[in-house]
Amino acid sequence: MVNCEHLRYLEPQRGSRPSRDLTFKFYDNGQLIIVDNDSGNTMSPRELTGGSYDFYVRQRIRLIKRDLAEKIMKYA
């Protein structure tokens with residue numbers, strides 16, 4: 001069974017650039033789905049900029065660290 005972690009990111013509006021409302025779905029198998037909640041369209045990580053990209057990277061690192069810690073505990 002594949003677990004999924006849903007995280008929402010609300011990017012603050014800066015200048016003339018509109019804010020973003022994104023949902024990130026991180027799956028245990030490494031799959032990622034990013035949904036723009038305003039349009040309902042999916043996005044790729046390459047389309048992220050600024051705060052949303054920083055959020056994505058930080059969450060990905062957190063999940064990788066957690067996965068490594070679980071494997072160390074399992075096989076140590």
Exercise. Excluding Pro18 itself, calculate the net charge of residues whose Cβ lies under 12 Å from the Cβ of Pro18, where each Lys or Arg counts +1 and each Asp or Glu counts -1.
Key: -1
Quiz prompt | lysines with Cα under 20 Å of Lys25, excluding same-chain neighbours fewer than 8 positions away | solution = Lys65
Practice problem: Could you please report the charge total around Ile34, scoring K, R as +1 and D, E as -1 over all other residues with beta-carbon less than 12 angstrom from its beta-carbon? | Solution: +2
Practice problem: With viscosity set to 1.567 mPa s and temperature to 4 °C, compute the Stokes-Einstein D of the chain, Rh being the Kirkwood radius across alpha carbon pairs; µm²/s, no decimals. | Solution: 95
Quiz item: Tell me, what % of the accessible area of the chain is carbon and sulfur with a 1.4 angstrom probe?
Solution: 52
Quiz item: If you roll a 1.4 Å probe over the heavy atoms of the protein chains, what accessible area per residue do you get for the chain, in Å²?
Solution: 75
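The values are calculated or read from the model by the stated rules, or taken from the named source; none is laboratory data. None of the values given here were measured: they were computed from a predicted structure. Backbone-built Cβ (ideal geometry, glycine too); neighbour counts: all protein chains shown. We work out accessible area using only protein heavy atoms, side chains counted, and drop any ligands, DNA or RNA first. Shrake-Rupley method; radii C 1.70, N 1.55, O 1.52, S 1.80 Å.
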